[in-house]
Each structure stands twice: as structure tokens, then as C-alpha cells.
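A.B. asks: Sharing a structure below in C-alpha cells format, with a few things to ask.
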Amino acid sequence: MIESLYGSDMLNTPKGFLLAYIIGVSFGWVLERAGFGSSRRLSAIFYFRDMTVLKVMFTAVITAMIGLIYCINLGIIDPAGLYYMPSVYGAQIAGGLIFGAGFVMGGWCPGTAAVGMASGKIDAFLFIVGSFAGSILFNESFSLIKPLYTMGDSGVSFAYSALGMSQPAFAFLFTLVAVACFWGSEYVERAVSGTGEYLGTPFLKAFSLALVSCAAMLFVFTGSAREASGEMDPGSGAAPPPAISEAAILEGVGEAADHIEPEELADALADGEKGLLVVDVRPPDEFRKFNIRGAVNVELKDLADFIRPYKNSGRVVLYSNGMTHPAQARDSLARLGYQNVYILTDGLAGFTERCLKPVSLRKEPLSASDAGKVAKWRRFFNAAGTAGVIAGDGAAADKTDAPAAPVLKTEVPPATANLRLVETVWLKDKLGSAGLKIIDLRPQPEYNRSHIPGAMSLNVESIRGFVDAVPSMLLPAKMLVEHFSMLGLSGTDHVVICYGDKPHDAAIFAIALERVGHAGYSILNGGFAKWEAEKYPVDNRLPAVTRSEYPLPKGPDDFSVGYKKVLEASSSKSAVIIDVRPSEFYSGKKSDEARAGHIPGALNRPYTEDIVKTADIASLKPVDELEKEYLKIVPSRETEIIIHCRTGHQASQTFFVMKSLLGYKNVKWYDGGWTEWSSKEELPIEK
């Protein structure tokens with residue numbers, strides 16, 4: 001897939017500079033060879049003595065047009081990544097007249113003037129200086145000419161669409177016009193100046209035939225490409241949906257065509273409407289507190305890049321607390337040609353008030369039909385765990401409202417930096433970003449051979465040790481802070497954790513980050529094996545690290561518990577205790593500790609059931625699948641849960657899944673685990 005330097009994040013890189021330099025030199029060489037380094041030759045077109053400008057420009061336009069259509073249909077270029085210049089007829093006509101007058105008088109345009117200046121032409125240098133001066137004048141006088149700047153704004157429009165033609169038909173017709181101009185130019189040159197050396201030559205005949213043949217093949221090629229893909233695309237002969245004008249946007253607003261009502265959205269989500277994308281544009285911390293089930297969190301600054309694959313496919317609904325920001329974003333997208341983006345009427349507050357507020361708390365009575373709809377919506381959204389629902393008049397939602405919904409749906413590469421599980425494509429796009437730190441937990445020899453560029457190596461056992469007479473415990477916060485300071489971490493960094501073949505290695509490091517209150521971290525799903533299998537960049541250089549002073553958190557963490565708390569929960573059955581060891585150790589058939597068996601009343605769900613392995617890649621299962629499995633064990637996300645294994649390592653993975661991915665609110669981690677429990681003879685066991 002071909003991308004621009006901006007789209008591939010190559011701006012301000014050595015590769016980007018080298019590529020730009022090569023393209024620039026090559027472009028200048030071609031223009032110089034075509035005679036564009038001479039103002040006399042350029043201005044000769046206005047006297048019909050030398051038609052080189054016309055022939056070169058037509059050749060460039062025809063080559064770009066036909067090549068672009070072929071590249072789109074071959075999948076080399078993504079049409080969603082193209083920029084379509086809007087038609088602003090008043091400004092463009094005025095600009096064209098000014099440009100033409102300057103060309104006639106000076107014999108240069110900015111591009112050819114740069115070529116001429118490189119060749120030592122003084123008049124080209126003066127033209128470039130005049131261009132800079134004109135740019136400054138335009139900037140300083142913009143307030144006066146602003147009405148002209150936007151006069152005749154018609155959004156993005158396509159000539160073939162306006163003429164009622166297919167794209168291949170227009171390309172073929174335009175190619176015929178270009179060929180006629182080539183022959184006409186040669187004829188005019190011969191008649192006026194006695195040149196026209198290519199008129200009637202085999203070269204011109206072959207060149208013309210090649211262009212016409214390539215254009216004619218578009219009828220067959222785009223048709224077969226459409227049949228193969230099963231869908232319409234910009235190269236298939238149908239016009240891409242144009243952007244709309246300001247007048248059309250205002251008309252849509254007046255008719256409320258840009259809105260979707262909360263009830264309609266609730267029905268669409270509950271019924272599983274295909275192609276529906278709901279986007280929460282609030283800051284990530286607000287999204288985590290409460291969000292609509294099925295929504296993804298994308299900040300406004302990332303919205304344009306995130307939404308590009310969904311352009312005019314299905315329905316996209318934007319929402320925030322109110323309507324101002326979504327409305328501004330929707331109008332901006334409309335100008336770019338998006339005709340499938342809507343805003344949620346009354347925002348999040350309206351949705352909770354009209355769809356999620358219990359019937360018993362409403363001021364006006366509802367009909368049996370409407371009450372049934374509310375019950376349906378509440379069952380659906382509460383099943384995913386919606387929290388902080390506004391019940392109206394300051395009243396809290398009733399106890400059937402569950403805690404926060406899962407922050408992430410892993411099938412959608414996240415667009416924000418605070419999500420807990422990220423895919424390799426997300427990290428690839430973020431490499432080199434300021435504040436991004438990658439921790440590689442694989443054995444050092446594997447790290448030394450190759451690792452993700454910029455990644456730092458850390459032995460996962462270095463964050464555990466002998467604490468309170470129990471081995472393999474997570475180190476206290478003050479010791480973890482020293483580790484993180486040596487890694488050069490700051491409290492505002494976003495840490496991506498890369499593992500080898502054990503996701504629970506990443507999870508135990510995630511718990512270490514939790515212990516010191518580090519908010520921004522993610523686990524790389526699939527780890528280094530997936531990164532390497534997808535052939536993303538690697539190197540074997542050690543990164544430069546500057547020691548930091550990571551802040552020491554105040555007070556103990558709020559998620560770990562000791563054996564006394566576990567004993568109390570086991571005796572009173574006040575919490576669900578989940579033992580994630582393999583079943584044979586849970587049952588007591590096998591033992592590698594002081595005693596065999598399990599904590600009385602504990603349930604067994606081996607941590608390995610959260611993992612799916614493909615070849616050598618170990619990944620966490622899709623969130624939807626994990627959600628279904630855990631709801632069978634713990635139906636309510638309000639339930640107090642205590643998770644343990646033998647030493648806390650494997651249990652950290654289940655803790656991460658339940659708390660960070662599935663939104664269980666009251667999850668605790670028993671680090672001492674079976675190592676500590678089995679060693680204390682006074683503690684009961686079951687087999």
C-alpha cells in the first residue's frame with residue numbers, strides 16, 4: 001500500500017528527506033529536459049511557436065489519471081487516503097486569472113521558476129522572490145479578500161459526475177482530447193514556426209495508440225475489479241460521493257438530517273445493526289468512568305485518521321456529554337465527503353435520561369409499549385456494564401446498573417493512548433511518538449538478537465522477590481520506583497509491554513505499574529512473536545536511556561490482599577475466590593507446595609483458558625468471548641472477587657482480564673497465593 005510521507009509518519013525522518021530529495025531532483029531534471037528551465041520557451045506557448053508546456057502538462061495529467069485508477073483497482077493505493085481538493089469556483093477563477101497573467105508577463109510559474117533558478121536564471125530568481133512577497137501580501141490582506149477566498153464554495157465535485165458519466169468513460173474521452181491536442185500542437189508548431197517534428201511520425205502514432213489503449217482497458221479492468229471485490233470503489237466507474245457545500249450542510253442541520261435520536265440509537269445497538277460505529281469523543285478518563293455499550297473512544301484530534309476506513313460505509317454516530325464538539329466534528333467530516341456521520345441528540349446526558357432512566361423514576365408515566373422498550377434497553381446496556389448512569393434529578397440509577405463497560409474491543413485498533421490492550425498495527429503506527437516507552441520482557445538473549453525499535457529489556461523476575469517471608473512476591477512500591485527510574489520512565493509516559501510466549505509475564509508487569517499508580521500502559525496482544533510474524537521493523541541496538549526520578553506513590557495499593565482477608569472471605573463466602581492454577585493442582589492430584597488442594601470454596605478457572613495460540617503466537621481471546629465465559633462464573637460486575645494462583649504470576653493475567661478488559665469493579669489479587677496458604681498449617685484446605 002502506497003502512503004504519503006505524512007500518512008506513513010515519515011516526515012522529519014532521514015528516509016523522508018532522502019525520498020523527497022530524490023523526487024525533487026528527478027522532477028527538476030524532467031522539467032529541465034522538457035525545456036521548462038527557459039522562460040522564453042515557456043512563454044512561447046502564448047505565441048503558438050512552442051507548445052511544449054501543453055504537451056508536457058497533458059502527458060502528466062493523463063499518466064496520473066490513468067495510473068491512479070489502475071493503482072486503486074489493484075489495491076496499491078487506498079482511495080480513502082487521497083485528498084480531494086474542493087471546488088471554490090470564485091476563488092479558483094480569480095486565482096487562475098492572476099496566475100495566467102503572471103505566467104504571460106514573467107514566463108514562469110513557481111515550480112518552473114525553481115527549475116530556472118537552479119539553472120542560474122536571474123529572472124527566475126526574481127519571480128521566486130516575487131512569489132514570496134505575494135504570499136506575504138496575501139497573508140496581510142486576507143481580511144480584505146476573505147469573501148473572495150470562499151466565493152463559490154461547492155465542496156468536492158467531480159467532472160465526470162457532473163456530466164453524468166462513469167469514471168472510465170470520462171478518462172477515455174479526456175485521453176482522446178489529449179491525443180487530439182498532441183496532434184494539434186504539432187500542426188500549430190509546424191504552421192507557425194516550421195517545427196512540429198513529431199507530426200505524423202511513427203512515434204506520435206504509437207504514443208497516441210498506447211494512451212488510447214490504456215484508457216480503453218479501464219472499461220474492462222475496473223468492471224472485473226468490482227466483480228472480484230464485490231463492492232463499489234472509486235476506480236470502479238462510479239463517482240465517489242462528493243463532499244457537500246456549506247449550504248447543503250446548513251440545509252441538513254435545518255432538517256435535523258445530521259441527528260440520530262437516543263431511542264433510535266438504543267434500538268440499533270440492541271438489535272446489532274451491521275455497520276454501525278458509535279464513537280465517544282470525550283477524553284479517555286471520562287470514557288472509562290461511563291460509556292455507551294459498543295462505543296469506541298477516539299479523541300477529536302485522532303478522529304479524521306480513525307474514521308477514514310468507515311467513510312460512507314454504514315452509520316457513524318458521534319457523541320460527547322453535549323452536542324457542540326460532535327456537531328463541529330460532523331460538519332468538518334461532511335466537508336470532506338462523509339455522508340454517513342450523525343450526532344447523538346442531547347449527547348450522553350440525553351441518552352441516559354431517555355433510554356436508561358428507570359421507569360419508576362420518571363416524572364411522566366409511560367405506556368406499556370414504551371416501558372417495554374426501556375426494559376429492553378436497560379437489560380442490553382446493563383449486561384455490558386454501564387456505570388454512572390444519570391437517573392435524573394440527581395438520583396442514582398437503581399442497583400441493577402452494573403459497573404464500567406470494557407474499555408477495549410480488540411478487533412478495532414485503538415486510537416487513544418490509554419487503552420489496556422493494543423494490537424501490533426497500533427504500535428507500528430505509534431513508533432517514535434513522544435512519551436512512548438516499550439518494555440520487552442523476553443529472555444535477554446532473545447532481546448539481544450532482535451527487538452522492537454527503542455524497546456528496553458527487563459527480566460520479569462527482577463520485579464519480584466522475598467517479601468514478608470514469602471518468595472516470588474511483587475516488590476514494594478519504593479523498590480519498583482527505583483526500577484522505573486533506571487528505565488527512564490516518567491509518570492506521564494505510555495508504556496507498552498511486550499512479552500514472549502506468556503501473556504502473564506506482561507500482566508505481572510502491568511500489576512507493578514498499577515502498584516505505583518501508573519495510568520498509561522498497554523499490553524501488546526500477541527507479543528513479539530506476532531510483531532515479528534507480521535514483519536514489522538526490528539533492530540538489535542540498545543536504546544539510549546536517561547535516568548528519571550519516578551515519583552513514589554502515597555499509601556498502599558488498593559487491589560492486593562493478604563491471607564487473612566482471603567480466610568475471612570472463604571469463611572463468610574463474601575467474595576468469589578478464583579484459583580487459576582491448572583485443574584490437577586486445584587484438585588490436589590498434583591502438588592509442588594507444602595500441601596495439596598485448594599482454598600475452601602474457591603472456583604477453578606485455569607489462566608490458560610484466556611489464551612488462544614496460533615503457531616507460536618499466544619494472544620488473549622477476543623473480549624466478547626472472554627466476557628461470555630466470565631459472566632457464567634461471575635454474573636455481576638459488582639461482586640467482590642479474589643484471584644490467586646501459586647505465586648501471583650498467573651493470577652495477574654486473570655486480574656488484568658477481569659479488571660481492565662471486562663470491567664469487573666471489585667477485583668482483588670492475592671499475591672502470596674498457594675505458596676503462602678499451603679505453608680500455614682492453621683489455614684484450611686479442600687481437595
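The values are calculated or read from the model by the stated rules, or taken from the named source; none is laboratory data. Since this is a predicted model, take the numbers as computed values, not measurements. So basically every Cβ, Gly included, is an ideal-geometry build from the backbone, and we count neighbours across all protein chains shown.
A.B. asks: Given the structure, is SER490 touching a residue at least 12 places away in the same chain (Cβ under 8 Å) and either under 18 Å from LYS428 (Cβ atoms) or touching a Gly at 6+ places or on another chain (Cβ under 9 Å) (or both)? Before you say what the answer is, go through the steps one by one.
C.D. replies: Details: touching a residue at least 12 places away in the same chain (Cβ under 8 Å): yes; either under 18 Å from LYS428 (Cβ atoms) or touching a Gly at 6+ places or on another chain (Cβ under 9 Å) (or both): yes.
Against the criterion (touching a residue at least 12 places away in the same chain (Cβ under 8 Å) and either under 18 Å from LYS428 (Cβ atoms) or touching a Gly at 6+ places or on another chain (Cβ under 9 Å) (or both)), SER490 qualifies.
A.B. asks: Can you name every one of the helices (runs of 4 or more DSSP H) wholly within the range 11-129 that holds 2 or more residues which are in the same structural domain as PHE170 (by TED's automatic domain parsing) and either touching an Asp or Glu at 6+ places or on another chain (Cβ under 9 Å) or closer than 24 Å to ILE145 by Cβ (or both)? Give the steps one after another, and end with the answer.
C.D. replies: Numbers: elements: 14-33, 39-43, 52-74, 89-106, 110-118.
Hits in the range 11-129: 39-43, 52-74, 89-106, 110-118.
Here's the yes/no breakdown for (1) farther than 21 Å from ALA506 by Cα; (2) crowded, with 18+ Cβ neighbours inside 10 Å; (3) assigned by TED's automatic domain parsing to the domain that holds ALA507:
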| residue | (1), (2), (3) |
| --- | --- |
| ARG605 | no, yes, no |
| ALA615 | no, no, no |
| LYS628 | yes, no, no |
| GLN653 | no, yes, no |
| MET658 | no, yes, no |
| GLY663 | no, yes, no |
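A.B. asks: Additional query: MET323 fails exactly one of the following numbered conditions: (1) of a type in the set (A, V, I, L, M, F, W, C); (2) modelled with pLDDT of 85 or more; (3) touching a helix residue (DSSP H, G or I) at 6+ places or on another chain (Cβ under 6 Å). What is the number of that condition?
C.D. replies: (2)
A.B. asks: If you don't mind, another one. Could you tell me which of the residues PRO551, PRO471, PRO556, PRO476 is surrounded by fewer than 22 Cβ atoms within 10 Å (Cβ to Cβ) and more than 30 Å from GLU676 (Cα to Cα)? Reasoning before the result, please.
C.D. replies: Details: PRO471 fails: more than 30 Å from GLU676 (Cα to Cα); PRO556 fails: more than 30 Å from GLU676 (Cα to Cα); PRO476 fails: more than 30 Å from GLU676 (Cα to Cα).
One residue alone meets the criteria, PRO551.
A.B. asks: Please verify whether SER360 is modelled with pLDDT of 80 or more, of a type in the set (Ser, Thr, Tyr), surrounded by fewer than 18 Cβ atoms within 10 Å (Cβ to Cβ) and more than 28 Å from TYR630 (Cα to Cα), treating the condition exactly as stated. First the steps, then the outcome.
C.D. replies: Values: modelled with pLDDT of 80 or more: no; of a type in the set (Ser, Thr, Tyr): yes; surrounded by fewer than 18 Cβ atoms within 10 Å (Cβ to Cβ): yes; more than 28 Å from TYR630 (Cα to Cα): yes.
No.
A.B. asks: Taking only the range 489-511 into account, find how many residues are among the small types (Gly, Ala, Ser) and under 26 Å from GLY526 (Cβ atoms).
C.D. replies: Residues flagged as among the small types (Gly, Ala, Ser) and under 26 Å from GLY526 (Cβ atoms) within the range 489-511 amount to 4.
A.B. asks: Here is a further query. If the requirement is being in contact with a Leu (Cβ under 9 Å, 6 or more places away or on another chain) and at pLDDT below 55, which of these qualifies: ALA268, ALA243, ALA215?
C.D. replies: ALA243
A.B. asks: In the range 293-327, which residues are assigned to a helix (DSSP H, G or I) and either of a type in the set (A, V, I, L, M) or crowded, with 17+ Cβ neighbours inside 10 Å (or both)?
C.D. replies: Filtering the range 293-327 for residues assigned to a helix (DSSP H, G or I) gives 300-310, 324-327.
The answer is LEU300, LEU303, ALA304, PHE306, ILE307, TYR310, HIS325, PRO326, ALA327.
A.B. asks: Now for a separate question. Can you tell me which of PHE174, PHE127 is surrounded by 15 or more Cβ atoms within 10 Å (Cβ to Cβ) and more than 38 Å from the chain's Cα centre (by Cα)?
C.D. replies: On the way: PHE174 fails: more than 38 Å from the chain's Cα centre (by Cα).
Among PHE174, PHE127, only PHE127 is surrounded by 15 or more Cβ atoms within 10 Å (Cβ to Cβ) and more than 38 Å from the chain's Cα centre (by Cα).
A.B. asks: Right, another one. If a residue must be in contact with a helix residue (DSSP H, G or I) (Cβ under 7 Å, 6 or more places away or on another chain) and surrounded by fewer than 15 Cβ atoms within 10 Å (Cβ to Cβ), how many such residues does the range 91-105 contain? Lay out the reasoning, then the answer.
C.D. replies: At the first step, the residues of the range 91-105 found to be in contact with a helix residue (DSSP H, G or I) (Cβ under 7 Å, 6 or more places away or on another chain) are 91, 94, 104.
Cutting the leftovers down to surrounded by fewer than 15 Cβ atoms within 10 Å (Cβ to Cβ) gives us 104.
Residues that pass the stated criteria total 1.
A.B. asks: A further question follows. Are there any pairs, at least 6 apart or on different chains, whose C-beta atoms fall under 9 Å, with the first in the range 602-627 and touching a residue at least 12 places away in the same chain (Cβ under 8 Å) and the second of a type in the set (Ser, Thr, Tyr) and assigned to a loop (DSSP other than H, G, I, E, B), and if so, which?
C.D. replies: ALA618/TYR499; SER619/THR410; LEU620/THR410; PRO622/THR410; VAL623/THR410
A.B. asks: Testing ARG547 on (1) more than 24 Å from ASP505 (Cβ to Cβ); (2) modelled with pLDDT of 95 or more, one condition comes back false. Which one is that?
C.D. replies: Single failed check for ARG547: (2).
A.B. asks: Which of the residues that make up the range 470-512 are in a strand (DSSP E or B) and small (Gly, Ala, Ser)?
C.D. replies: Let us first name the residues in the range 470-512 that are in a strand (DSSP E or B), namely 470-474, 494-498.
Hit for the range 470-512 is SER472, nothing else.
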